[in-house]
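Student: Got a structure for you, questions after.
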């Protein structure tokens, strides 16, 4: 999720934070989040968490705090984004094992939390202790808790563009000693007590949306504190009252008082349905929407699109131009089904929603990842967006049709937002014959179905299908069918991201991948078997042609032929002297073969002398040390860190390759056991190298960049993830010139 920009005049005074010593901590998908967070003790530290779903566990012995994180003052905690798509968002799932998600004690002044989702605490997701001030929370989803999303017991905290809800008690609770809880452009929804309960202090809401569910009070309560709401939208879809704002109702939400003092909800607010794309919780009695399906964007025509204000005066009243309320703004499309909510458990199966030909002899379709093996779960390895797709196995040799249908009860009205196009992505893997994709709405086949002519973006194998709904009655859509026709056609069709658009979106132009010429050994097979893992890696990212060292040696490729490629990749499997025609780097060149340092190959050393200037390492020399962590070739690894590139080799004397260059070069990593030997390096364009007379006088300079990560071909099949990371950094660097 992105944070939306908005100009506001803020009346809240944030306390300044003194300059502190710092820790910079990065957390990735394979890390123990809890253990790493407990090491953050210095004020002013920065914690950065990569995207992904993190199942967080406390210590096995249950010692230590029962809170996920108690940040020191001035700490900044940032993820990659909010929401529930692990490809884009940082999701911290506390699994109901932690009391509080973020505990902000009296020493937590100036803490910032942003761009992540925190879910499933048995206490509060955010707890603010007495005296904690200057706290900022932005673009955070705090959802699903057995107590409250926010409890403020005496501090000051500001939320911007956040989603807070699915609480077993209140969503927001201000205790007696609260200073201030302020919310700007937030969504506050679904609980079993009050959306807001103010026992003390101030709770101020601007440009927010309050959305109730089929539970208890689900209102706003002044219980000794002061709840103030401006330029916001309130709605209770399950109350029978009238829309609008009154002293006791806010869009049918109850406003509760203490001693006659009600929440301050004035005429700047709107008491109507905010018209979410996919409302959180229940869209109608008995029709559930899981938290992973929540879509808090606003539909066309939503009153919330203009309910907010871009600024407020000194009294807190709106004085700006209209803007949206809530955290997300307007949608560009409506989601019919993104396939992310299905699970291989009772009542959530994908085949239970998308009915297939099971027990129907006239329908040759089956839904499931691998029905022949008894696997009827969603497909998780092939998806266009998110993590899952709908796999439709079709067999028209045993039945006249193969199709699957989703039924909508109650029926959906797709005409409400002037919908013009139904769109979805499909990846067809044919096993036999040509199958044509078709679409039906309410059992009637659509005649205007246009497939995009090129895969959108970089997602290979996928086409977008657009169904023109002009003239089609979509006021009561009861079913949607996707099938494959064609006599004897067999295969599988993966379907993902079914959406509705007001206008047919443009088909993205195909993105041309950079072209790579991979040079491999040719004595056994083409390519050399040891190079298959490298070639496979490169083919996922580039257009790859394979040449042999013999071809290059025999001058099959001219300089112009080399220049037809964006870069050349020279494997260590090649005899280094075969690649002399690449001397001077007529195009960017990447090497795993550092024996190519020879004066007559690359011209990086004056004498062809191993082991003085180049060579191989053994099992005792496999660790490398980063010596220039600031350079892009280091791929983010810190200076001084030791990296393992390979874990084994098919030959005990062939692990890594190294060089001792005698030309200007960029040493990035060296052998940990001998720092004179360079393993990861770069050579800039324009660097003087040894010429054909073995003289370095500037008469021969490199025309393009070169980079190297020295790995022996016998160890290719044992490369670590770090090795591929450094290889990719090297390719990125030579292509960036």
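The values are calculated or read from the model by the stated rules, or taken from the named source; none is laboratory data. Not measured: the values here are computed from a predicted model. Note: ideal-geometry Cβ built from the backbone for every residue, glycine included; neighbour counts use all protein chains shown.
Student: Pick from the stretch 572-582 the residues that are in contact (Cβ under 8 Å) with a residue 40 or more places away in the chain and closer than 21 Å to residue 682 by Cβ: which of them is farthest from the chain's Cα centre (by Cα)?
Tutor: Taking the candidates together, the pick is 579.
Student: For the structure I just gave you, tell me whether residue 377 is touching a strand residue (DSSP E or B) at 6+ places or on another chain (Cβ under 7 Å) and in contact (Cβ under 8 Å) with a residue 12 or more places away in the chain.
Tutor: Taking the combined requirement at face value, the residue does not satisfy it.
Student: When residues of the stretch 85-100 are filtered for being under 23 Å from the mean Cα position of the chain (by Cα) and surrounded by 23 or more Cβ atoms within 10 Å (Cβ to Cβ), how many remain?
Tutor: Qualifying residue count, the stretch 85-100: 4.
Student: Criterion first (over 31 Å from the mean Cα position of the chain (by Cα) and either farther than 19 Å from residue 715 by Cα or exposed (fewer than 15 other Cβ atoms within 10 Å of the Cβ) (or both)) does residue 585 satisfy it?
Tutor: Criteria met by residue 585.
Student: Need pairs with beta-carbon distance below 6 Å; first residue at positive phi and within the stretch 225-248, second in a strand (DSSP E or B); sequence gap 6+ or separate chains.
Tutor: 231/206; 231/308; 231/309; 231/318
Student: May I ask you to say which residue of 472, 429, 437 is part of a strand (DSSP E or B), over 27 Å from the mean Cα position of the chain (by Cα) and assigned by TED's automatic domain parsing to the domain that holds residue 486?
Tutor: 437
Student: Take residue 383 and tell me if it is surrounded by 16 or more Cβ atoms within 10 Å (Cβ to Cβ), at pLDDT 90 or above and touching a strand residue (DSSP E or B) at 6+ places or on another chain (Cβ under 6 Å).
Tutor: no
Student: Would you confirm whether any residue within the stretch 550-571 is in the same structural domain as residue 723 (by TED's automatic domain parsing), within 30 Å of residue 26 (Cα to Cα) and either buried (at least 18 other Cβ atoms within 10 Å of the Cβ) or without any contact (Cβ under 8 Å) to a residue 24 or more places away in the chain (or both)?
Tutor: So far as the stretch 550-571 goes, no, none of its residues is in the same structural domain as residue 723 (by TED's automatic domain parsing), within 30 Å of residue 26 (Cα to Cα) and either buried (at least 18 other Cβ atoms within 10 Å of the Cβ) or without any contact (Cβ under 8 Å) to a residue 24 or more places away in the chain (or both).
Student: Considering only the stretch 125-163, state which residues are on the phi > 0 side of the Ramachandran plot and assigned to a loop (DSSP other than H, G, I, E, B).
Tutor: 131, 134, 154, 161
Student: Please find, within the stretch 204-224, the residue that is farthest from the chain's Cα centre (by Cα) out of those that are assigned to a strand (DSSP E or B) and without any contact (Cβ under 8 Å) to a residue 60 or more places away in the chain.
Tutor: Per the criteria, the residue is 222.
Student: Among what's in the stretch 614-630 and is modelled with pLDDT of 95 or more and part of a loop (DSSP other than H, G, I, E, B), pick the residue that is farthest from residue 734 (Cα to Cα).
Tutor: By that ranking, first place goes to 627.
Student: Now for a different question. When the stretch 645-677 is examined, which residues are found to be surrounded by 17 or more Cβ atoms within 10 Å (Cβ to Cβ), within 21 Å of residue 534 (Cβ to Cβ) and free of Cβ contacts under 8 Å to residues at least 60 places away in the same chain?
Tutor: 656, 668, 669
Student: If you check 495, 546, which single one turns out to be crowded, with 16+ Cβ neighbours inside 10 Å, touching a strand residue (DSSP E or B) at 6+ places or on another chain (Cβ under 8 Å) and in the same structural domain as residue 413 (by TED's automatic domain parsing)?
Tutor: 495 is the lone residue from the list that is crowded, with 16+ Cβ neighbours inside 10 Å, touching a strand residue (DSSP E or B) at 6+ places or on another chain (Cβ under 8 Å) and in the same structural domain as residue 413 (by TED's automatic domain parsing).
Student: Testing residue 193 on (1) surrounded by fewer than 23 Cβ atoms within 10 Å (Cβ to Cβ); (2) within 15 Å of residue 210 (Cα to Cα); (3) touching a strand residue (DSSP E or B) at 6+ places or on another chain (Cβ under 6 Å), one condition comes back false. Which one is that?
Tutor: With (1) surrounded by fewer than 23 Cβ atoms within 10 Å (Cβ to Cβ); (2) within 15 Å of residue 210 (Cα to Cα); (3) touching a strand residue (DSSP E or B) at 6+ places or on another chain (Cβ under 6 Å) applied to residue 193, the lone miss is (3).
Student: Another question about this same structure. Cβ-Cβ distance below 8 Å, separation of 6 or more or different chains: which pairs start in the stretch 284-304 with a residue that is under 19 Å from residue 413 (Cβ atoms) and end on one that is at pLDDT below 60?
Tutor: Cβ pairs passing all conditions: 289/281; 289/282; 289/283.
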